[in-house]
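To start, the structure under review is shown below, and the notes come after it.
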Amino acid sequence: MLKTANKARKTYNIYDNDFVRRYADDHYYAFTRGKVLVVISNGTPERKSIIITNHRFKEDDILCNELDRSDCVDVTNNGIEVPMNGEPKIYVPKSINTNIKPTSTGSFIYMTYFVIYLMLFYL
C-alpha cells in the first residue's frame, strides 16, 4: 500500500501543488494537492460518510481511490460524499487516472501515518 501511495505521489506530482484543507472533524481529515483528494482518519473503525463541500472538482466528475479501484465517488452540487470506515483514501479524477496497480502490503494504520508524513514534510 505504501508503494501505491508513493507511485500516486510521483504520478500526479502531488509535491508541486499547494496543500489545501478540505474537511476536518474529530476523526477525519481531508486535503487536496492539485487534482488529488486525500481523506484519512485517526484509525477509528466507525463507519460514516463525510460530505466534502469545499473542493475544486467539477460537478459530475468521478473520483476513484488509488488504493481500491472499486471505490469511486461522484461529485455533485451537494459535494463529495465519501464513505469512511477507518481506511485512508487517495482519490483522483477518473479522467486522469493512470491505473496505478494497488498493492495490498502494509496495514491501513501505517498507511494513515504515511499520508500524514507526506502531508507534514512535503508541503
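The values are calculated or read from the model by the stated rules, or taken from the named source; none is laboratory data. Note that the structure is a prediction, hence the values are computed from the model and not measured. Here Cβ is always computed from backbone atoms with ideal geometry, including for glycine, and neighbour counts include all displayed protein chains.
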Quiz item: Within the stretch 88-108, restricting attention to residues that are crowded, with 20+ Cβ neighbours inside 10 Å and touching an Asp or Glu at 6+ places or on another chain (Cβ under 9 Å), which residue is modelled with the lowest pLDDT?
Solution: ILE100
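Go through the stretch 37-56 and report how many residues are part of a strand (DSSP E or B) and either crowded, with 19+ Cβ neighbours inside 10 Å or at pLDDT 90 or above (or both). Lay out the reasoning, then the answer.
Narrowing the stretch 37-56 to residues part of a strand (DSSP E or B): 37-41, 48-52.
Next cut, either crowded, with 19+ Cβ neighbours inside 10 Å or at pLDDT 90 or above (or both) only: 37-41, 49-52.
Selection size over the stretch 37-56: 9.
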Practice problem: Give the residue that is surrounded by the most Cβ atoms within 10 Å (Cβ to Cβ), with candidates limited to residues of the stretch 2-36 that are without any contact (Cβ under 8 Å) to a residue 60 or more places away in the chain, closer than 21 Å to ASP61 by Cβ and among the aliphatic types (A, V, I, L, M). | Solution: ALA30
Self-check item: Selection count, the stretch 57-77, where residues are modelled with pLDDT under 90 and assigned to a loop (DSSP other than H, G, I, E, B)
Solution: 2
Quiz prompt | Matching residues, the stretch 37-74, being farther than 11 Å from ILE90 by Cβ and either among the β-branched types (Val, Ile, Thr) or free of Cβ contacts under 8 Å to residues at least 12 places away in the same chain (or both) | solution = THR44, ILE50, ILE51, ILE52, THR53, ILE62, SER70, VAL73
